[in-house]
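Some notes on the structure that comes next.
Bear in mind that the values in this text are calculations on the coordinates, not laboratory data. Fair warning: this is a prediction, and the values are worked out from it, not measured in the lab. Here the Cβ positions follow ideal geometry from the backbone for every residue, glycine too, while neighbour counts run over all protein chains shown.
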Amino acid sequence: MLEIEYEFREEDLNHYNEMRFKQTEEYRNQVKKNRWIVPGIMMLIGTFYYYYYGDLKAALYIMLVAVLWALFSPRIILLNVGRQVLKSYTHKEKKSMFGTYTLTIDPANPNFLYEKSPSGKNKMAWSELVRVDHAKGHVYIYLDLSTALVIPEETLKRGDLQAFAKQVEKMIELHG
């Protein structure tokens with residue numbers, strides 16, 4: 001029997017949603033606007049202040065704000081996304097989502113991936129699972145194109161995550 005146990009936290013949910021949001025066209029447009037267009041306009045205003053009014057101090061302040069805006073706006077966008085995602089869940093949903101998870105591949109019944117979570121026990125047929133993705137510090141077992149089991153390496157309590165992920169991939173290929 002292959003089994004892992006890990007803790008799923010709010011920051012893991014935020015990480016997953018940030019990763020998914022970074023892949024969208026909306027994010028790329030927001031970053032382009034907030035990294036280039038808005039600071040570019042602010043730089044023009046700062047330049048105008050310097051040449052028209054001769055006020056170097058005000059021009060430098062405006063340009064400093066433009067540079068800081070360009071540097072920090074992508075992170076602020078992602079923090080806002082994380083806040084919105086957490087707001088979309090009720091307290092009861094959060095309570096049943098966060099906590100200790102146990103995933104099991106049972107050779108006696110190899111047709112399912114078994115999950116024990118704060119919301120109860122579930123079994124997922126291998127044919128219903130889509131794929132396994134690896135990212136720095138996380139493994140994702142996709143249940144569909146937009147939903148995944150997020151397994152953070154740093155909160156792994158028991159088991160070998162890499163061996164487990166490889167076996168899950170094999171089982172998805174075998175039953176897919």
Q) Between the range 115-176 and the range 60-76, what is the C-alpha centre distance in whole Å? A) 39
Q. Which angle from 0 to 90°, rounded to the nearest 10, does the C-alpha axis of helix 56-87 make with the longest principal axis of the chain?
A. 20
Q) Rounded to the nearest 500, what is the chain's calculated 222 nm mean residue ellipticity when only DSSP H runs of at least 4 contribute -39500 (n - 2.57) each, over all residues? A) -16000 deg cm²/dmol
Q.
Suppose the chain between LYS123 and ARG35 were pulled fully straight at 0.36 nm per residue; how much longer would it get relative to their current alpha carbon spacing?
A. 27.2 nm
Q) Given R₀ = 30 Å, FRET efficiency for GLN23-THR100 by Cβ-Cβ distance, to 0.05? A) 0.55
Q) Using Cα atoms only, what is the angle between the long axis of helix 10-22 and the major principal axis of the chain, expressed in degrees (0 to 90) to the nearest 10? A) 60
Q) Over the Cα atoms of the range 15-87, what Rg and Dmax result, in angstrom? A) 15.6, 49
Q. Stretch TYR61-LYS116 to full length: gain in nm at 0.36 nm per residue minus the Cα-Cα span?
A. 14.3 nm
Q: Quick one: angle between helix 161-175 and the longest Cα principal axis of the chain, in degrees between 0 and 90, rounded to 10, please.
A: 70
Q: Find out how many positive minus negative residues lie around VAL85, taking Lys and Arg as positive, Asp and Glu as negative, among other residues whose Cβ is under 13 Å from that of VAL85.
A: -1
Q) Put a dot 7 Å past each Cα toward the Cβ at TYR51 and LEU86; how far apart are the dots in nm? A) 4.6
**Q.** Qualifying lysines (Cα of each under 19 Å from Cα of LYS87; at least 8 residues distant if same chain)
**A.** LYS95
Q) What number, in nm² with one decimal, is the all-direction average of the projected area of the convex hull of the alpha-carbon atoms of the chain? A) 12.6
Q. P(r) of the range 67-161 in 5 Å steps, Cα pairs, percent per bin?
A. 3, 10, 15, 20, 21, 13, 8, 5, 3, 2, 1, 0
